[in-house]
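Bear in mind these aren't lab numbers, they're just calculated from the coordinates by the rules spelled out. Bear in mind the structure is a predicted one, so any value in this text is a computation, not a measurement. Every residue, glycine among them, receives a Cβ derived from its backbone with ideal geometry; neighbour counts consider all protein chains shown.
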Amino acid sequence: MIFCFLLLHFLFYSCLLKRYIYTERGIFLYHVFALVVTISYCTILYIIQEIPFAHGVTDYAIILGVQGIYSLTFLECWSITQGGYSLGILFEINNATLANSKKPLDLIKFEEIGIEKQTSRIENLISLKLIKREDSTVHLTFIGNRVSKFSEFLANLAGTTLRE
Amino acid sequence: MWMLMVFSYLTVAIIFNAILGRYGVVNNAVIRFLLSGFLIGIMMSFHLISEFGLASATIAAIIWFALVCELYIFLFTLSLGSVSIKILRLLQKAPCQESELNLVYQPKDMVLMRLIRLEHVGLITRNVEGAILLTQRGKSLIKIATFLKSLFHKSIISR
């Protein structure tokens, strides 16, 4: 049942909604909506069938686990194909190869994307309250400091250090 | 009970991955974690089957183990590759002027860094004239990415 629902959820997006929902927020809300539908459906089903909570909890966990894997995979694939910088460079190299171009790779185009990304990232970090701007100096906020330390911890735990 | 086992085995997988990383067993952090997660996941499955049999608790635990492993991969790849995280790490050392921040990650350097990384992971190569070319692996990745773009986005834009 859950697999059919998720297949429909994906096909509905892929065939129709991708033309209308193309922001991170929109995609996120589309998945939150699916989660609410699943939880509501299961709860109603359990109430109708009078299944005790203790018996139903494992089934609930299976359904939510499958949905979690689906949503996470969907969001990762969407985000990688939406604006991956490295992927963009690979596409450009591929296009140059297909066009049999003798010209050197147009790096300026990527530098422009880089400037765009950098500026929007600083603004995003400010709006997320991870950094703050005072006069022309940029500081970490308390939350930003915690996020930074946690990311350092994760990078060390992964057995490697940040790619500087 | 099974949820406790999921997080215990996840901890083991993370520690095992860190040990493999320290000894440089596999260079790619994602592949290394997939390897350690897979091995520890199999051990967990045997443990669960011996404990609960082929019950729904066993299936739930395996699914949740896969979910938390995927979440962990997502988080650590974000920590390793994200420019936003790099900005935070830089500011952790000391506050700086916005103009300095822009200088640290010069767009040209960012492109060059990406090219070095793409070459390091075997997606691109340079011919004798120094021109950048896609390797077979890079071409396969482009095919997969093109297919995914057609599924997830309204038009295929070659950026």
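Overall, the stretch B:106-152 carries a charge dipole of about 180 debye about its Cα centre when +1 sits on the Cβ of Lys and Arg and -1 on the Cβ of Asp and Glu, all other atoms neutral.
Stretched out straight at 0.36 nm per residue, the stretch from A:Leu128 to A:Ile48 would grow longer than its current Cα-Cα span by 24.5 nm. Taking θ as phi - 60° and the Karplus parameters 6.51, -1.76 and 1.60, the scalar couplings of the stretch B:13-29 work out to 4, 5, 5, 4, 4, 5, 5, 4, x, 5, 8, x, 5, 10, 6, 6, 5 Hz in sequence order, x denoting glycine and proline.
Spin-label pair B:Ala94-A:Tyr20: with each label point 7 Å from Cα along the Cα-Cβ axis, the two points sit 5.3 nm from one another. Starting from the Kirkwood Rh over alpha-carbon pairs, what translational D in µm² s⁻¹ does the stretch B:2-83 have by Stokes-Einstein at 25 °C and 0.890 mPa s? Result for D is 186 µm²/s. With helices as the sole contributors, chain B gives -25500 deg cm²/dmol at 222 nm; each DSSP H run of n ≥ 4 counts as -39500 (n - 2.57), and the sum is divided by every residue. Taking 18 Å as the limit for the C-alpha separation, the pairs B:Lys86/B:Lys143; A:Lys129/A:Lys149; A:Lys109/B:Lys143; B:Lys86/B:Lys149; A:Lys132/B:Lys93 exceed it in the case of B:Lys86/B:Lys143; A:Lys109/B:Lys143; B:Lys86/B:Lys149. Taking chain A as a Gaussian network of alpha-carbon nodes connected by springs under 10 Å, the highest mean-square fluctuation of the residues A:Leu98, A:Leu16, A:Leu154 belongs to A:Leu154. Springs join every pair of Cα atoms under 10 Å in this Gaussian network model of chain A, and among A:Glu112, A:Glu24, A:Glu152 the largest mean-square fluctuation is at A:Glu152. Between 0 and 90 degrees, the angle of helix A:107-127 with respect to the longest Cα principal axis of chain A falls at about 50 degrees. Among the chymotrypsin sites (Phe, Trp or Tyr not before Pro) in the stretch A:1-91, those placed in a DSSP loop whose Cβ has at most 10 other Cβ atoms within 10 Å are A:Tyr20.
With R₀ set to 35 Å, the beta-carbon distance separating A:Met1 from A:Ile143 gives a calculated FRET efficiency near 0.30. Largest mean-square fluctuation among B:Phe74, B:Phe52, B:Phe65, in a Gaussian network model of chain B whose springs join Cα atoms under 10 Å apart, belongs to B:Phe52.
The simple Förster model, with R0 at 41 Å and r as the Cβ-Cβ distance, assigns A:Leu29 and B:Phe38 a FRET efficiency of 0.80. Principal axis analysis of the Cα atoms in the protein assembly as shown yields extents of 68, 44, 43 Å, listed in decreasing size.
At full extension, B:Thr135 and B:Met113 could sit 6.1 nm farther apart than now, given 0.36 nm per residue minus the alpha carbon distance.
Between helix A:142-157 and chain A there is an angle of about 90 degrees, using the helix long axis and the longest principal axis of the Cα atoms.
For chain B, the share of alpha carbon pairs falling in successive 10 Å distance bins from zero is 9, 23, 28, 25, 12, 3, 0 percent. By the count of neighbouring beta-carbon atoms within 10 Å, fewest first, B:Val25, A:Val36 end up ordered A:Val36, B:Val25.
Here the 3J(HN,Hα) profile of the stretch A:60-67, calculated from phi with Karplus coefficients 6.51, -1.76 and 1.60 at θ = phi - 60°, is 4, 4, 4, 4, 5, x, 4, 5 Hz, Gly and Pro shown as x.
Overall, the ratio between the Cα radius of gyration of the stretch A:2-83 and 2.2 N^0.38 Å, rounded to two decimals, is 1.24.
Computed from the C-beta positions of B:Leu4 and B:Leu75, the FRET efficiency with R₀ = 30 Å rounds to 0.90.
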